[in-house]
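Below is one structure, written out as structure tokens; the observations come after it.
The values are calculated or read from the model by the stated rules, or taken from the named source; none is laboratory data. Computed from a predicted structure; not experimentally measured. Here the Cβ is made from the backbone with ideal geometry for all residues, glycine too, and neighbour counts use every protein chain on show. Just so you know, the surface numbers come from the protein's heavy atoms only, side chains and all, with ligands and any DNA or RNA stripped out. Shrake-Rupley method; radii C 1.70, N 1.55, O 1.52, S 1.80 Å.
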Amino acid sequence: MWRVFALAAIIWPRAHGLDAQSGVWRMEGQLLFSSLRGFGSSQAILPTRNSAIKITAVEGEKRAPIFTGSTKEPSDAEKPEPSGPNKSAADRSKDFRIFGWTLHHVAGAFVFCAYGAVIAMTIPIVRRERKQFDEYISGGRETFPDYLKYRFTDWFTTSDSAPSVVLIFLAVGLIVTGAILYALVVGESPSHALWRIFVWASASPAENEVTPAGRMLGIMVTVCGMVILSLLFGIVSEIFASKMAEAKTGLMKVVEGGHCVILGCTDCTRCLIEELAKAKESNGGGTFVILAPGSKEELEHMFLSSHTDLRGSRVIIRSGNPVYVRDLEKVSVQSASQVVVLADSDCSPEEADAKTIRTLLALKGQNWPPKGRLIVQCANPANRHLLEKLYKADVVVVGNIVTKLMAQSSNQPGLANVFSMMLGFDGDEFYSKEWPELVGMSFKQVVFRFPEAVVLGVFTADGECILNPGWDYQVQVGDHLVVLAEDDDAYTFNKDPYYWKEGVDTPRRRAFVKQPTLHAQLGNVQDDHPSKVLIIGWNDNIGPLLNNLDGMVGDGSTVRIYSPEPEADRKAAIENLAQQWAPGAGFASFTITHAEVDDDVVSSQVELKVLRHQDYDKVFVLTEGNDRDSGDQRTVAILTQLQNIHDMLPESEKTRRFCPVVEMCEDSTKEHLKLCNLTNVIHSSSLVSQALAAVTEDAKVNGIYADLMSGREHTFDIRSFQQLLPGETEPKELSFAEAAWKLSIVGDISLIAWSRFCGDGHISWQMNPYDKVTPRPWTPNDRLVVLRRFKERGSSD
């Protein structure tokens with residue numbers, strides 16, 4: 001046996017004969033193994049440059065090699081003339097050469113090299129998967145082969161080109177591997193071996209047979225072999241199909257690590273994944289695994305039909321109930337880096353939180369995720385502390401953010417758009433970082449030392465978030481600065497302020513102290529006079545919206561609700577909501593009346609005229625319908641009718657601008673409403689998703705949101721220059737830094753963004769402008785977006 005391998009080792013590198021001087025491989029006739037029959041006797045003629053060596057080996061007997069043949073290379077006349085089919089092949093191979101290589105040799109070498117390159121490319125892929133396995137999954141019950149099996153199955157079932165790639169790889173692998181073995185054992189050249197194995201693999205074993213009986217026998221054997229092979233393929237195909245069906249129905253276990261698990265599927269799931277995909281795009285994308293009851297095909301259809309932009313990320317969907325440990329294990333919660341628990345939007349807030357509690361207990365029982373973070377959406381703010389106490393989690397009350405923005409947008413049109421810019425990952429984001437060199441500086445000195453960011457506040461050493469702490473606040477050891485910036489490495493600290501005017505603020509500050517405080521001039525968060533409020537539509541946001549309005553409108557206000565929902569059901573629901581959101585007192589600032597309308601005429605011009613929307617101080621339109629699309633469709637129909645009614649009013653009745661606060665569900669609705677000059681819109685699902693995504697990426701953002709939306713000590717304002725700086729002359733040009741400086745003189749007011757009034761009547765907002773020093777044209781229609789403190793920190797007044 002050792003002689004066979006020795007001969008193969010000698011023959012393989014000389015399969016085409018290397019000319020030592022020209023470096024050209026060549027094959028002179030059939031000089032390779034003429035026969036290799038058993039081990040009793042075998043002969044081979046080895047080609048050399050000037051001679052042919054004949055080796056005779058007899059089993060069990062040592063004999064010296066016998067050299068035969070001439071020491072000269074045979075002439076062309078002495079070479080045997082090829083005959084039969086070999087003649088045309090040999091002649092063609094001599095007709096065309098590339099650097100001395102015949103055409104079929106070039107083709108064979110290309111196939112071998114290409115397949116070798118493909119094999120080499122799989123090595124770093126396997127190494128990367130091994131690193132992922134060792135980092136996140138190793139130590140559990142799953143082995144590395146189990147992980148590779150899962151990864152292959154997931155790729156095969158989600159990639160359209162996977163079956164073709166696998167089929168080509170297996171076919172080429174069979175032919176190349178067989179050719180190598182054939183060349184080693186039989187002694188043919190590798191290029192000829194490729195052709196021989198290809199013919200055999202195509203089920204044509206009788207191509208060289210010349211007798212009729214032999215050909216008939218070859219056909220029969222080939223047919224029988226195809227039948228047997230078909231049976232084998234059928235069995236393998238059935239096993240493979242069952243595994244694929246298991247994967248496609250969402251029953252197959254996910255073997256991932258460092259991924260993000262989303263428990264539940266609601267209206268905001270798609271937007272949440274899009275926001276998280278934006279955050280992970282710079283890292284090449286992430287892996288999101290959704291576990292939700294229902295059909296996997298229906299959930300996948302929802303994502304495909306909505307054209308979700310994944311930005312290089314992957315989404316894996318599994319069917320199951322997150323309250324069961326076996327289903328949680330199915331999505332590898334134990335190895336996830338982030339787990340997001342969504343509140344069920346199809347039931348009441350209390351029922352949604354009850355399901356969340358069961359899910360948290362299931363996770364707590366297994367101590368999952370041991371190395372990851374847990375983010376929980378709370379439906380009822382009253383249950384927030386319970387969920388925080390129950391298990392280690394960042395609890396986000398996002399529903400209250402939406403309705404609070406709706407309530408505030410009735411006084412500050414455009415506020416929701418600015419807040420959405422702060423929440424999303426498209427532009428500037430919240431960042432916090434400790435700067436030891438700032439210790440001892442006042443907050444005002446700090447603000448003007450970051451030209452690429454807007455400084456909002458600090459995180460104290462004990463984790464408390466203080467936004468707009470006051471210009472005299474001294475930065476303490478351990479404080480982390482909260483900023484709005486394009487990226488965490490896109491802003492730097494300047495030793496010298498980029499804008500400063502010495503001696504300007506002291507006289508102005510003393511004069512201002514003698515005047516009433518600025519927040520009294522602008523108005524408190526709560527109105528002192530009664531208001532008339534019209535709410536069109538009915539959904540789960542009605543409770544928190546009424547609760548926010550109760551803290552904004554003056555005593556004696558009225559709220560009228562227009563909806564096809566039966567009046568008796570609405571009254572019963574409002575009684576429960578009053579006890580839930582305002583226990584004991586109920587909604588004390590206003591009384592509620594109802595206007596009932598049939599569902600099929602809710603957008604009728606006749607019915608809407610009766611409402612007399614022009615008599616109301618605030619108008620809210622809530623999404624109401626069987627689904628997101630039908631809800632937005634109804635909303636657009638109602639608004640276009642109201643706008644048409646408003647346009648037809650006599651000038652004496654147009655005492656108020658028609659600027660309703662509109663809730664929408666789909667992105668396209670915003671563009672449609674913009675065509676109608678209605679821009680005070682709130683994308684409820686997007687806001688919820690943006691808040692959850694931001695907290696998922698950075699837990700500290702949760703504290704920023706809570707302080708921003710608390711309304712206890714400061715509030716958002718969108719005001720004109722004259723409103724914020726009474727007595728100042730309206731400038732013709734204004735820089736962002738100068739505006740921030742002027743605001744710092746009159747009160748604890750932080751400038752966040754400003755507007756540009758477009759010629760078509762629309763307002764565009766710019767947050768954290770890149771150039772804060774260069775003035776730009778300023779008009780009376782432009783606005784400043786500020787965070788205004790109206791109460792001293794710790795004050796009970």
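Pairs are defined by a Cβ separation below 6 Å, a sequence spacing of at least 6 or placement on different chains, a first member in region 103-116 that is in contact (Cβ under 8 Å) with a residue 40 or more places away in the chain, and a second member that is not in a helix (DSSP H, G or I); no pair meets this definition.
Would you mind finding the one in Ser652, Ser668, Ser630, Ser689 that is crowded, with 21+ Cβ neighbours inside 10 Å and either outside any loop (DSSP other than H, G, I, E, B) or at positive phi (or both)? Give the steps one after another, and end with the answer.
Numbers: Ser652 fails: crowded, with 21+ Cβ neighbours inside 10 Å; Ser668 fails: crowded, with 21+ Cβ neighbours inside 10 Å; Ser630 fails: crowded, with 21+ Cβ neighbours inside 10 Å.
Of Ser652, Ser668, Ser630, Ser689, the one residue that is crowded, with 21+ Cβ neighbours inside 10 Å and either outside any loop (DSSP other than H, G, I, E, B) or at positive phi (or both) is Ser689.
Could we say that Glu429 is loosely packed, with under 15 Cβ neighbours inside 10 Å and touching a residue at least 40 places away in the same chain (Cβ under 8 Å) here? Criteria not met by Glu429.
Only one of the numbered conditions (1) at pLDDT 90 or above; (2) among the small types (Gly, Ala, Ser); (3) open to solvent by 50 Å² or more (accessible area, probe 1.4 Å) is not met by Ser563, and that is (3).
Considering only residues in region 466-484 that are closer than 17 Å to Asp748 by Cα, open to solvent by 20 Å² or more (accessible area, probe 1.4 Å) and not hydroxyl-bearing (Ser, Thr, Tyr), the one that is modelled with the highest pLDDT turns out to be Gln474.
Of the residues screened, Leu272 is not one that is open to solvent by 10 Å² or more (accessible area, probe 1.4 Å) and either over 27 Å from Asp540 (Cβ atoms) or of a type outside the set (S, T, N, Q) (or both).
Kindly indicate whether Thr640 is closer than 25 Å to Ser684 by Cβ, in contact with a Cys (Cβ under 9 Å, 6 or more places away or on another chain), hydroxyl-bearing (Ser, Thr, Tyr) and open to solvent by less than 30 Å² (accessible area, probe 1.4 Å).
Details: closer than 25 Å to Ser684 by Cβ: yes; in contact with a Cys (Cβ under 9 Å, 6 or more places away or on another chain): yes; hydroxyl-bearing (Ser, Thr, Tyr): yes; open to solvent by less than 30 Å² (accessible area, probe 1.4 Å): no.
In short, no.
Going residue by residue through region 120-136, is there one that turns out to be assigned to a helix (DSSP H, G or I), surrounded by 12 or more Cβ atoms within 10 Å (Cβ to Cβ), modelled with pLDDT under 75 and among the polar types (S, T, N, Q)? No, region 120-136 has no match at all.
Pairing residues of region 775-793 that are more than 14 Å from Ser750 (Cβ to Cβ) and assigned to a loop (DSSP other than H, G, I, E, B) with residues that are of a type in the set (S, T, N, Q) and open to solvent by less than 20 Å² (accessible area, probe 1.4 Å), at Cβ distances under 9 Å and at least 6 apart in sequence or on separate chains, gives Pro775/Ser735; Pro780/Ser720; Asn781/Ser720; Asn781/Ser755; Asp782/Ser720; Asp782/Ser755; Arg783/Ser720; Arg783/Ser755.
Selection over region 474-504 of residues that are touching a strand residue (DSSP E or B) at 6+ places or on another chain (Cβ under 9 Å) and on the phi > 0 side of the Ramachandran plot gives a count of 1. Within this structure, Val695 passes the test of being within 30 Å of Leu276 (Cβ to Cβ), under 30 Å from the mean Cα position of the chain (by Cα), open to solvent by less than 20 Å² (accessible area, probe 1.4 Å) and in contact (Cβ under 8 Å) with a residue 12 or more places away in the chain.
How many residues, within region 245-273, are of a type in the set (Asp, Glu) and within 13 Å of Val333 (Cβ to Cβ)? Even if it seems obvious, please write down each step before you answer.
Let us first name the residues in region 245-273 that are of a type in the set (Asp, Glu), namely 246, 256, 267.
Then drop every residue that is not within 13 Å of Val333 (Cβ to Cβ), which leaves 256.
Within region 245-273, residues that are of a type in the set (Asp, Glu) and within 13 Å of Val333 (Cβ to Cβ) number 1.
Go through the residues of region 485-495 one by one and say whether even a single one is part of a loop (DSSP other than H, G, I, E, B), modelled with pLDDT of 60 or more, of a type in the set (D, E, K, R) and touching a Phe, Trp or Tyr at 6+ places or on another chain (Cβ under 6 Å). Taking every residue of region 485-495 in turn, at least one turns out to be part of a loop (DSSP other than H, G, I, E, B), modelled with pLDDT of 60 or more, of a type in the set (D, E, K, R) and touching a Phe, Trp or Tyr at 6+ places or on another chain (Cβ under 6 Å).
Scanning region 319-361 for residues that are over 19 Å from Val688 (Cα atoms), out of contact with any Cys (no Cβ under 9 Å at 6 or more places or on another chain) and open to solvent by less than 10 Å² (accessible area, probe 1.4 Å) yields Leu328, Val331, Ser332, Val333, Thr359, Leu360.
For region 137-192, the tally of residues that are outside any helix (DSSP H, G or I), in contact (Cβ under 8 Å) with a residue 60 or more places away in the chain and open to solvent by less than 60 Å² (accessible area, probe 1.4 Å) stands at 4. Looking across region 395-417, the residues that are open to solvent by 40 Å² or more (accessible area, probe 1.4 Å) and more than 17 Å from Ser685 (Cα to Cα) come down to Asn411, Pro413. You will find that of Ser686, Ser710, the residue that is more than 30 Å from Trp500 (Cα to Cα) and modelled with pLDDT under 85 is Ser710 and no other. Contact map, region 282-301: residues that are on the phi > 0 side of the Ramachandran plot paired with residues that are open to solvent by 10 Å² or more (accessible area, probe 1.4 Å) and among the aliphatic types (A, V, I, L, M), Cβ distance under 9 Å, separation 6+ or inter-chain. Pairs shown: Gly285/Leu310. Of all residues in region 346-356, none are among the small types (Gly, Ala, Ser) and in contact with a His (Cβ under 9 Å, 6 or more places away or on another chain).
Tell me, which strands (runs of 3 or more DSSP E) lie completely within region 324-399 with 1 or more residues that are under 25 Å from Gly294 (Cα atoms), in contact (Cβ under 8 Å) with a residue 60 or more places away in the chain and within 22 Å of the chain's Cα centre (by Cα)? Even if it seems obvious, please write down each step before you answer.
Details: elements: 338-341, 373-377, 394-396.
Counting at least 1 such residues, we get 338-341, 373-377.
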